[in-house]
Each structure stands twice: as structure tokens, then as C-alpha cells.
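Scroll down for the structure; my scribbles are underneath it.
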Amino acid sequence: MIRTLTPEEREAILASLDRERHFLYYSYLTSRRANATHYGQFNEKGTLLGVLAYLQGLSFHAFSVFPAQASFDFRSVLAFVKEDLGLPDGVTGSFIVHEEDMAGLSGQLAFAKPPENLLLMKHVHRQMPPPADSRVLRLEPSHFGRIDAIMKELGTMAFSVEELQYPFFGVMEDGQLAAVGGYHIYGGEYVELGNIGTIPAFRRQGLGTLICAELTRAGAAVSPHVYLNVFADNEAAIRLYRSIGYETCAMQSIIQFVVPAEGRT
């Protein structure tokens, strides 16, 4: 049986969920819950086999998956979700999954492109960020249009304008916004850095380090759990994050898959 989860069922999952193994799905149960719909698959005894959740409001089809049991049938749940939400045939969906869950799902996916390895890193060495730099400014609403333009210029897929409610920091050079950074999640339970970038003309000047250090300090002021995601082949960024106190806590893959033309199973 496949159906939407009740609030009580979602709370029961949250109470036992490993946040770092199921980091994306944890966000769908907490900070992103207002925009997320959760579809659960159950066996004949009522045991939860797994969940596929869909997030409204992004510019792409954003999913998260929680395979509670090895028998979770992702394809059946995806077909149900496609019909329930009225998704078009052949669209591309995406989610991030822990490496330990990847093996059970990969055979059920029609990949739109090869999976990419992604590191989840956590700030664990509190003394390592460099001192605050006066060049790093807390950005005001007057900068929001430029932030949006920079995110589009840099191709930051996961940015949404709702994230402008969280603090954004930037560095001004030659009268223009040269580097910016903000958060995907910013709250007491945990913080996730994101939307970080330097425009090409000002790269290799250490501005990214200044931004990330300030984001880390501000994040640590509201939560002891400060995270970020980075592609595993981005060696320069990984060195930067390690230099200010981050360590890898989970190996993940970012998946882009084709939603097939199927009916409900």
C-alpha cells in the first residue's frame, strides 16, 4: 500500500532518524516540512518500507528518499507520486542519498546523468576559522536582487528566494558585490551553509574563505550543528572547508533520474 503519511507518522520517523545518514530527508521533516509531501509504502502488516517525499517551490523537481527496508520499491512509489502530483512524463527529478542506501536504489533508477559524489561536512574544530574580517558585510534587502542575479550567474541549482530570509554575507570590491554566501537551513536544530560563490573576476583572492568563516561563526551562534555539502571532486573547496574546521561526516551521491511514463502500481 502507498499513501501520504500522517503528521504522527512523520514525527515517529523523525524521532528515530539518523540525521547525517538521511540529511536531505531530515530537512524535509523539519525546516522544509511546510512545502514537503511524504508518500509512504507499507507492507501487508502495516510496516513502513520507505518514503519518497516531494518538495514544492523549487525550479526543479526536488525529491528526497528514505528507504526504511531493503524491500522498498522505489519505482512503485515514484509512479504513485507522479500520478498524484500530475508530473509530466519524462521530467527529471533529483535527490541526494547516502552511499549505504545507493546500492538498493540504483537498480530502480533511470539515470538522467551519471551520479555525482557529494560530501557532507560538519564543522567540528571550533577554533580554526580565521578572525572576523571587516570586509565581510551582513547584506541588506537592497542587495537581494544582486544576490539572485549572482546565484543565476553561478548556476546555483538549489537556491530559492525564500532563503533570503536567512542571513547573507558578502564582500564588496570596486563598488560591486564580489562574493556572497548564505544558508539553505538556519535554525536551532542545525545550520546548512549554501549559496556561496565568488564572481569570476575576483576569484583566487581568498574571499571565499572570508565568507565561509563568517557564515560558520554566525551559524555556530544559533546551533552546535553546522554543515555544508560539497562535490567530492572540488578539491579546492574541500581544502578551504577543512582549513576552517570542517570534516567529512557522510559520503553521498546526488542523483538525477527520469520520471517514467507509468501508471500507479
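A few points about this structure:
- Beta bridges from DSSP with both residues in the chain: antiparallel share about 95 percent, rounded to the nearest 5.
- Total charge dipole magnitude, the chain, about the Cα centre, Cβ charges on Lys, Arg, Asp, Glu only, Debye to nearest 20: 340
- Over the range 73-139: Kirkwood hydrodynamic radius from C-alpha pairwise inverse distances, Å: 16.3
- Heavy-atom accessible area per residue - the range 148-228, 1.4 Å, Å²: 39
- The three principal axes of the Cα atoms in the range 157-231 give end-to-end lengths of 37, 26, 23 Å, sorted in falling order.
- Among the protein heavy atoms of the chain, carbon and sulfur supply 50% of the accessible surface, probe 1.4 Å, non-protein parts ignored.
- Under Karplus coefficients 6.51, -1.76 and 1.60, residue-wise ³J(HN,Hα) of the range 161-174 in Hz, glycine/proline x: 5, 4, 6, 5, 6, 8, x, 10, 10, x, 10, 9, 9, 6
- Residues whose placed amide H lies under 5 Å from that of Gly194, excluding near-sequence neighbours: Gly182, Tyr183, His184
- When the Cα positions of Ala53, Asn35, Thr4 are compared along the charge dipole of the range 1-95, Asn35 comes out farthest toward the positive end, with charges on each C-beta of Lys, Arg, Asp and Glu.
- Descending principal axes extents, the range 41-163, alpha-carbon based, whole Å: 61, 37, 29
- Heavy-atom accessible area with a 1.4 Å probe sorts Phe66, Phe72, largest first, into Phe66, Phe72.
- J(HN,Hα) series, the range 117-132, from Karplus relation 6.51 cos²θ - 1.76 cosθ + 1.60, nearest Hz, glycine and proline x: 6, 9, 9, 9, 10, 10, 7, 10, 9, 5, 8, 7, x, x, x, 4
- Taking semi-axes √(5λ) of the Cα gyration tensor in Å as calculated from this structure, the corresponding entry among [x] 30, 22, 16; [y] 35, 19, 17; [z] 32, 19, 18 is [y].
- Across the chain, C-alpha contacts under 8 Å between residues 6 or more apart give a mean separation that, scaled by the residue count, equals a relative contact order of 25 percent.
- Full-stretch length increase - Gln165, Thr37 - with 0.36 nm per residue and alpha-carbon distance subtracted: 43.8 nm
- The mean accessible area for residues of the range 1-57, using a 1.4 Å probe and ignoring ligands and nucleic acids, is 49 Å² per residue.
- Projecting the Cα atoms of Ile211, Tyr190, Pro130 onto the charge dipole of the chain (Cβ charges, centred on the Cα centre) puts Pro130 farthest toward the positive pole.
- Largest-first principal axis extents of the Cα set of the range 12-78 (Å): 36, 25, 18
- From phi via Karplus (6.51, -1.76, 1.60), per-residue ³J(HN,Hα) for the range 98-114 in Hz, x at Gly/Pro: 5, 4, 6, 9, 5, 4, x, 9, 4, x, 9, 10, 9, 5, 7, 7, x
The values are calculated or read from the model by the stated rules, or taken from the named source; none is laboratory data. Not measured: the values here are computed from a predicted model. Because the Cβ atoms are built from the backbone with ideal geometry, glycine has one as well, and the counts that use them run over all protein chains shown. Ligands, DNA and RNA are stripped out before the accessible areas are found, and what is left, the full protein with its side chains, is counted by its heavy atoms. Shrake-Rupley method; radii C 1.70, N 1.55, O 1.52, S 1.80 Å.
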